[in-house]
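Asks: I am attaching a structure below and will ask some questions about it afterwards.
The values are calculated or read from the model by the stated rules, or taken from the named source; none is laboratory data. Only a predicted model underlies this, so the values are computations on that prediction, with no experimental measurement involved. In this analysis, Cβ positions are derived from the backbone assuming ideal geometry, glycine residues included, and neighbour counts consider all displayed protein chains. Side chains are part of the model used for accessible areas, which takes the heavy atoms of the whole protein and leaves out ligands, DNA and RNA. Shrake-Rupley method; radii C 1.70, N 1.55, O 1.52, S 1.80 Å.
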Amino acid sequence: MGTVQFVMLADDPSTFVTRVVPFIDIELAGIPGDRHYGLLRPADSRQKIYKRGTPIANRRQISIVSEEECALIAEKMNIPEVRPEWLGANILVRGIDRLTELPAGTRLLFPDGTGLICEGENLPCVHPGKMIEQFYEQDGLRKKFVPAARKKRGIVCSVEREGVIHTGDTIEVIYLS
């Protein structure tokens with residue numbers, strides 16, 4: 001079991017950075033108003049088998065990071081903290097051991113029945129590193145982020161069942177065998 005510490009929304013089209021909100025509505029297409037909302041999305045550099053821009057299923061509707069792994073990234077980067085909003089996270093959790101290593105297909109269930117499917121690790125990229133470097137006004141941090149965040153950057157999920165997720169909700173982790 002884990003606990004939702006914060007829920008966040010990326011509703012400013014000029015940035016991937018999220019902001020804390022009291023709750024997030026969850027629809028089959030993701031979080032309404034969030035930059036990753038939609039049943040489909042264009043293929044990008046992660047899907048090398050498709051031509052860039054080809055419409056594909058959106059398996060990155062929701063991003064989840066853990067408080068524990070954010071602290072580990074900060075420690076490796078030798079900075080006080082890494083905030084989940086700098087990573088573009090929609091949900092910050094506490095208490096799910098090695099969140100980033102959850103296998104694809106793992107279900108996350110919330111108190112009202114909302115269900116998310118883990119689609120796998122959210123691989124680290126340079127964009128959060130740039131945000132961290134800007135915040136701390138310390139050159140070189142962007143280069144430290146990717147190696148520091150490997151296997152600690154969190155997961156991406158798709159929606160299996162609609163509902164609402166609130167700060168303070170518990171999360172049941174169901175591993176499929």
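Asks: Within the set of pairs 6+ apart or on separate chains, which have a first residue in the stretch 104-115 that is among the polar types (S, T, N, Q), a second that is at pLDDT below 95, and C-beta atoms under 8 Å apart?
Replies: Cβ pairs passing all conditions: T106/Y175; T106/L176.
Asks: Right, something else. Mind checking which residues of the stretch 1-46 are within 20 Å of G120 (Cα to Cα) and touching a helix residue (DSSP H, G or I) at 6+ places or on another chain (Cβ under 7 Å)?
Replies: Of everything in the stretch 1-46, those that are within 20 Å of G120 (Cα to Cα) and touching a helix residue (DSSP H, G or I) at 6+ places or on another chain (Cβ under 7 Å) turn out to be M8, F16.
Asks: Something else about it: Going by what's in this entry, would G30 be described as touching a His at 6+ places or on another chain (Cβ under 7 Å) and either at pLDDT below 95 or open to solvent by less than 50 Å² (accessible area, probe 1.4 Å) (or both)? If you could, list the steps in order and put the result at the bottom.
Replies: On the way: touching a His at 6+ places or on another chain (Cβ under 7 Å): yes; either at pLDDT below 95 or open to solvent by less than 50 Å² (accessible area, probe 1.4 Å) (or both): yes.
So G30 fits the description; yes.
Asks: Same structure, new question: Among the numbered criteria (1) touching a Lys or Arg at 6+ places or on another chain (Cβ under 8 Å); (2) in contact (Cβ under 8 Å) with a residue 12 or more places away in the chain; (3) open to solvent by 60 Å² or more (accessible area, probe 1.4 Å); (4) assigned to a loop (DSSP other than H, G, I, E, B), which single criterion is violated by S45?
Replies: Condition not satisfied by S45: (2).
Asks: Answer yes if at least one residue in the stretch 164-174 is of a type outside the set (V, I, T) and open to solvent by less than 20 Å² (accessible area, probe 1.4 Å), and no otherwise. Talk me through it step by step, then tell me what you get.
Replies: Start the filter on the stretch 164-174 by keeping residues that are of a type outside the set (V, I, T), which leaves 166, 168-169, 172.
When the remaining residues are screened for being open to solvent by less than 20 Å² (accessible area, probe 1.4 Å), the result is none.
Taking every residue of the stretch 164-174 in turn, none turns out to be of a type outside the set (V, I, T) and open to solvent by less than 20 Å² (accessible area, probe 1.4 Å).
Asks: Let me ask another. Any idea which residue in the stretch 134-163 is farthest from L9 (Cα to Cα), counting only those that are crowded, with 21+ Cβ neighbours inside 10 Å and of a type outside the set (A, V, I, L, M)?
Replies: Checking each candidate, the answer is F145.
Asks: Here is a follow-up. Give the stretch 135-177 a look and list any residue that's free of Cβ contacts under 8 Å to residues at least 40 places away in the same chain and touching a Lys or Arg at 6+ places or on another chain (Cβ under 8 Å), or say none. Don't jump to the end; show me each part of the working.
Replies: We begin by selecting, within the stretch 135-177, every residue free of Cβ contacts under 8 Å to residues at least 40 places away in the same chain; these are 137, 139-140, 142-143, 146, 150, 177.
Residue satisfying the conditions is R142 alone.
Asks: Continuing with the same structure: Please find, within the stretch 56-80, the residue that is farthest from R161 (Cα to Cα) out of those that are more than 17 Å from the chain's Cα centre (by Cα) and modelled with pLDDT of 95 or more.
Replies: Applying the filter and picking the extreme gives N78.
Asks: Looking at the stretch 107-132, which of its residues are more than 14 Å from the chain's Cα centre (by Cα) and crowded, with 20+ Cβ neighbours inside 10 Å? Please lay out each step first, then the result.
Replies: Step one: filter the stretch 107-132 for residues more than 14 Å from the chain's Cα centre (by Cα), giving 107, 109-115, 126, 129-132.
Listed by number, the residues that qualify are F110, T114, G129, M131, I132.
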